[in-house]
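Below is one structure, written out as structure tokens; the observations come after it.
The values are calculated or read from the model by the stated rules, or taken from the named source; none is laboratory data. All values reported here derive from a predicted model rather than from experimental measurement. Because the Cβ atoms are built from the backbone with ideal geometry, glycine has one as well, and the counts that use them run over all protein chains shown.
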Amino acid sequence: MEEDVLITESEEIQESESFVSRHALSMALGSTLAFILYTVLVLGRPGECFKVDDGPNSLGLTFNYTLQMVQEFFESRSTSQLECYSEFLQIWDVMFAIIYTSMYCFWILYFFKNRRILLVIPVLSMLADWAENITEIMMINSYLDSNTISETLVSVGSGINMIKWILSTLTYLIVFAGIGLKIKSAIRTSQTNDDKLSQN
């Protein structure tokens, strides 16, 4: 009787874990689709107004930046382009960070359902992205108001940007490790099933 109860409880736990896993996978796939669609269909359009032919089109895409790099970035753009860039950082890039962080979090939940502490890394990366955006906006406002840029502000922004990219790299490594573990688990399951069939 006790064995039957234990078997039933074990089956219920397995079914519950399977449901959670399927739900996490569907959310991961859905958020990945949202990420692709937002990147392809939405993100490029608001960014057109501040693009230039030569040089980087976003300070945040470099690992770090110096005062000279920021000055060259600002000087190569008109006032309207810098205002557009500021708006991009406040709206479209913030939404992008939410989408890509959700995608990474759902994949981590799918690969490492019992290690939710790993979700801290992509969330911190998103917060660093937002903080770096705020710093850039402050630099733009200072440049437009007085044609000056604080070297301290540049150093802070560059430092936050480096932290963002380090956390992003860790996030990528976690996701790739999860993919590797899933492949390894699938191979092991396939081998186990083959062994059972050969024994029968």
(message) When you scan the stretch 152-169, do you find a residue that is in a loop (DSSP other than H, G, I, E, B), in contact (Cβ under 8 Å) with a residue 40 or more places away in the chain and not basic (Lys, Arg), even just one?
(response) no
(message) Restricting to the stretch 101-134, and then to whatever is part of a helix (DSSP H, G or I) and of a type in the set (S, T, N, Q), can you tell me which residue is surrounded by the fewest Cβ atoms within 10 Å (Cβ to Cβ)?
(response) Ser102
(request) Kindly indicate whether any position in the stretch 23-35 is of a type in the set (A, V, I, L, M, F, W, C) and at pLDDT below 90. (result) yes
(message) If I filter the stretch 36-61 down to residues being small (Gly, Ala, Ser) and loosely packed, with under 14 Cβ neighbours inside 10 Å, which single residue comes out as modelled with the lowest pLDDT?
(response) Gly55
(request) Considering only the stretch 151-178, state which residues are more than 24 Å from Phe73 (Cα to Cα), surrounded by 14 or more Cβ atoms within 10 Å (Cβ to Cβ) and either touching a Leu at 6+ places or on another chain (Cβ under 8 Å) or aromatic (Phe, Trp, Tyr) (or both). (result) Leu167, Ile174
(request) Test Thr148 against the stated conditions and say whether it is assigned to a helix (DSSP H, G or I), out of contact with any Asp or Glu (no Cβ under 8 Å at 6 or more places or on another chain), surrounded by fewer than 18 Cβ atoms within 10 Å (Cβ to Cβ) and polar (S, T, N, Q). (result) no
(message) Every residue in the stretch 83-96 that is surrounded by fewer than 18 Cβ atoms within 10 Å (Cβ to Cβ) and either aliphatic (A, V, I, L, M) or not in a helix (DSSP H, G or I) (or both), please.
(response) Ile91, Val94, Met95
(request) Check the stretch 63-73 and report whether any residue there is touching a helix residue (DSSP H, G or I) at 6+ places or on another chain (Cβ under 8 Å), touching a residue at least 40 places away in the same chain (Cβ under 8 Å), more than 15 Å from Ile140 (Cα to Cα) and not β-branched (Val, Ile, Thr). (result) yes
(message) Can you report the number of residues in the stretch 170-200 which are of a type outside the set (Gly, Ala, Ser), part of a helix (DSSP H, G or I) and at pLDDT below 85?
(response) 10
(request) Would you be able to tell me the number of residues in the stretch 42-62 that are in a helix (DSSP H, G or I) and either of a type in the set (Val, Ile, Thr) or without any contact (Cβ under 8 Å) to a residue 12 or more places away in the chain (or both)? (result) 5
(request) Kindly check whether there is at least one residue in the stretch 119-135 that is closer than 19 Å to Leu29 by Cβ, more than 14 Å from the chain's Cα centre (by Cα) and without any contact (Cβ under 8 Å) to a residue 60 or more places away in the chain. (result) no
